[in-house]
1. Across peptide A:171-184, what mean number of C-beta atoms from other chains lies inside 10 Å of a residue's C-beta?
2. For chain A, with a Gaussian network of springs between Cα atoms less than 10 Å apart, report the residue from A:R19, A:R120, A:R89 with the top mean-square fluctuation.
3. On a 31 Å Cα-Cα criterion, which of the cross-link pairs B:K135/F:K135; B:K15/B:K135; E:K162/F:K15; B:K15/E:K135; D:K135/F:K15; D:K15/D:K80 come out too long?
4. On the full set of protein chains, 1.4 Å probe, figure out the accessible area of E:F22 and give it in Å² to the nearest 10.
5. 5 Å is the cut-off here: which amide hydrogens, built 1.01 Å from N in the peptide plane, fall below it relative to D:V83, excluding neighbours closer than 5 in sequence?
6. Given the whole protein assembly as supplied and a 1.4 Å probe, what does the accessible area of E:R29 come to in Å², nearest 10?
7. Between E:A81, E:A11, E:A125, which gets the highest mean-square fluctuation from a Gaussian network model of chain E, Cα cutoff 10 Å?
8. Would you mind computing, in nm to one decimal, how far apart the modelled labels at B:Q157 and A:E106 are, each placed 7 Å from Cα along Cα→Cβ?
Protein chains: 6
Amino acid sequence: MKRIADLLFEARMLKEIPRSGFHFLGVGRESVAEHVYSTTFIAFVMMQLHPEIDGRTLLSLCLVHDLPEARIGDLNSVHKAYVTADEGRAVADLVQGLAFGGRIRELIAEYNAGISPEARLARDADQLALILELKDLDDIGHHPPQSWLPHVLGRLQTETGKALAAAIMSTRRDAWWWQAALSREKPA
Amino acid sequence: MKRIADLLFEARMLKEIPRSGFHFLGVGRESVAEHVYSTTFIAFVMMQLHPEIDGRTLLSLCLVHDLPEARIGDLNSVHKAYVTADEGRAVADLVQGLAFGGRIRELIAEYNAGISPEARLARDADQLALILELKDLDDIGHHPPQSWLPHVLGRLQTETGKALAAAIMSTRRDAWWWQAALSREKPA
Amino acid sequence: MKRIADLLFEARMLKEIPRSGFHFLGVGRESVAEHVYSTTFIAFVMMQLHPEIDGRTLLSLCLVHDLPEARIGDLNSVHKAYVTADEGRAVADLVQGLAFGGRIRELIAEYNAGISPEARLARDADQLALILELKDLDDIGHHPPQSWLPHVLGRLQTETGKALAAAIMSTRRDAWWWQAALSREKPA
Amino acid sequence: MKRIADLLFEARMLKEIPRSGFHFLGVGRESVAEHVYSTTFIAFVMMQLHPEIDGRTLLSLCLVHDLPEARIGDLNSVHKAYVTADEGRAVADLVQGLAFGGRIRELIAEYNAGISPEARLARDADQLALILELKDLDDIGHHPPQSWLPHVLGRLQTETGKALAAAIMSTRRDAWWWQAALSREKPA
Amino acid sequence: MKRIADLLFEARMLKEIPRSGFHFLGVGRESVAEHVYSTTFIAFVMMQLHPEIDGRTLLSLCLVHDLPEARIGDLNSVHKAYVTADEGRAVADLVQGLAFGGRIRELIAEYNAGISPEARLARDADQLALILELKDLDDIGHHPPQSWLPHVLGRLQTETGKALAAAIMSTRRDAWWWQAALSREKPA
Amino acid sequence: MKRIADLLFEARMLKEIPRSGFHFLGVGRESVAEHVYSTTFIAFVMMQLHPEIDGRTLLSLCLVHDLPEARIGDLNSVHKAYVTADEGRAVADLVQGLAFGGRIRELIAEYNAGISPEARLARDADQLALILELKDLDDIGHHPPQSWLPHVLGRLQTETGKALAAAIMSTRRDAWWWQAALSREKPA
């Protein structure tokens, strides 16, 4: 149990780490934990659209995909040109002494391989979580998302991912509450 | 797809909402999205300890359990003495027009009922996420967690939840990296 | 005196609570305490324009109008479609044991009724405080205020409120210091 | 009306300025606007205890007492040993062209003179707002308030101010909600 | 040594003080310490372009130029119309008892005089640090930098300062990494 | 000049990056830019104590020592067990096309080698900047600095570094202004 408590404090670290991509974007901010939440929630939606896939695995892939960042930090695409992370060693230290450590290692390996249907969806969910932020910041009037969006959209691999991205890109950030709030404010 | 994009922006709102309990605690802060991340991750751990439960459902329960807060706000135990939230109506508006809206409604209802083994674990995960924060702040030297912890610990319902809480309470927040960092700094 | 100290700590809580409307707006931020400051200051200005009204009451109405939010949280117009707050009970608990508790209860009731000339001005001051924020954010270049402003302007009830709003809307956020700073920088 | 809009934007500036004393304290933070809110609310309480004083004036004194900080910045007691502010000129520029500018000038002068009963109470409210913060931070476990409190307490001039300070110092920051929340959590 | 430790804590204070100009700008933020970093780094660049100047002095001028703000606060151009800072006394108290206090005093005097080639460059570096922020915020889409930039650019005194400003103004904030990241993302 | 503007925007990035060590400490925060400011200022003090060393080089070493973090991120001692940064390549890309790029490369190499007297002092300044933060947080009452300080103190290499650390450790964070403020408040 002691090692499980360690794991929980390690997973908690993701709340302290800001996503470094936003430092380059120049606007917006989220913690890695918030990003994992978004990614996992998007995967939950994908799971409803894909009854054939293993939902337990899909959600698990998303939940653990950034866990190594507790020991490695949040490396964005600029960093990755210069930095090599021994993620294997980070995962080994993370799971050492954990009864179910092997399962975490498998999930992270499956996510990184990106071959299984679940991993392909999880990886698109990861990109969609960023697309959602960029669209939100674009609606608010910030300029940088306009240059970023084509590149992030280009990373999507699955039809479902692309369809969700198209839906996000054509929806106002506040459409979900705006119309209803308006009708309440000015009843016919 | 349009309504799915709405759902994603609605779920994104949880990143903007701070957990109001910390305003009363006087120290610490987390967004509702960060709390959902912690809760879901704790449930992932519980899932490894309980091969008999439905992991897909357990993770889903945690992921959606605070979704109504996008429309309702984050009500803590002080607020709840004065505020009645029509969560049913919030969920109805949330899922209206969504093909899989019924599934979200079922999950929120199952979480609120708190009867199924998955719901009981999910509810304990929700409390454990707060216990983890309180222990972290207590280790740092802040006083309020000492008065809060007995009450939050008292809300736990499952044996697994209690065992995890005991493990958290007896583990230093930085034990997961401290010993290793020390040994690297001063090699024998 | 003990209960007065409680009241002061309760009123202090408004400094910890962010105005939730800004979570929906997507930009800007203020605490409820800052909002009460703005509202009360605007009322101070109204008081100068209306020698016939009871200034002591007007300022008091503004000062206490969001006091119940310490126990209830900051509910915006989206929240209010789903949440019913028993403000009466919150106020009862707030004033219980306070020698001048009855006066606070009367003021909150008068504000909520919105009938007296002072309450009508106070309610417009509350909206003007938001209009001031929206105009400020609009001048900076953020888009959401453009959709919000017509609706908030439409809530104003008094001629004075409307005249002040028109003045705010036609004034640059930095006009009060810009011209003077310019003339100092480049003396003729 | 144009000059009134300028005044509102100028008063709004106090929301952007952090109280510089907290930089020296090392913990805590509030905007000048939040401090004015606290000061004015404390004065509202004093007004209930002193039916003989002019409440309209007392509240007005508090509301405008830090208005010159929009042009001057927030000078704390360390700064004041080195900086001389021409508050008269700041107020002159602030009120220039305002129909009720003379009233604002009078109020600021009355506050600074500190002779009228209302000004004496307002000045104590200003100190009590800081005492409330220090007590709050002390309860949380931060050390610096212990050295500061004797000095700030020593600045109080009125019996009412001293009595309120004594009440604050003997009251836990969370007493106003703690007992009730406890009784709800564990009904007999 | 005791007085040197005092000096280090005093210099550390600049990390707590936000640059007040950004309160007037309405967007962006930096601490005085961050500003000193930028100023000194820009001077390091100037030093490479000017082998004839005394680099040690140039960097030292920049490092200490805002040191008096620890005792005085950060006064911007609006404040300076109303506030007179006895910087001499602040420096006297700062260096009192320091073996090398005379050197700090000389450097601050040289910076303020703005006559030596090093001081002229240092003063331009101070303005360039602000121009860099304004250009960054302008690229992001915020409006206020457009009105500020002509005035800040107009304060530059040296040819090197003007050339650097021209280069900053014609360079996108993200040009340094954008092209390379693009080429990595889409290899030919 | 275009490449110099790129360099300035790259150096500016350090203002956006929080020092990741504080995520592990659990309290406090500084940007890398603030850390570079502190390091360089401490080196300025060392320079006064060591007239024999090359001050221009010492200050330059400190100014550029974390420049590669713009491309690599802020790697703390936990990260470094898992991550290998190709700092050479980051520096190559940083200085490519810069007339004085060779000088920056030399300085970073000299800092990393840590052999020259200037590099040894610069490296101690880097640690002292952290010690200053830890002592500050310790004085405020936070617990983690007590476990960290022995290890950070143990990294110091020079007699000057050790003497400065001893002075910091025996000096209250507010001693530089406290006594004077007290004497002003209560004149004899």
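1. Average neighbour count from other chains, rounded to a whole number: 6.
2. A:R89
3. As for pairs spanning more than 31 Å Cα to Cα, those are D:K135/F:K15.
4. Its heavy atoms expose roughly 10 Å² to the probe.
5. Sorted by chain and number, the residues that satisfy this are E:D86.
6. About 140 Å², rounded to the nearest 10.
7. Result: E:A81 has the largest fluctuation of those listed.
8. 3.0
The values are calculated or read from the model by the stated rules, or taken from the named source; none is laboratory data. Please read all numbers here as calculations on a predicted model, not as lab measurements. Backbone-built Cβ (ideal geometry, glycine too); neighbour counts: all protein chains shown. Accessible surface is based on the protein model in full, side chains and every heavy atom, while ligands, DNA and RNA are left aside. Shrake-Rupley method; radii C 1.70, N 1.55, O 1.52, S 1.80 Å.
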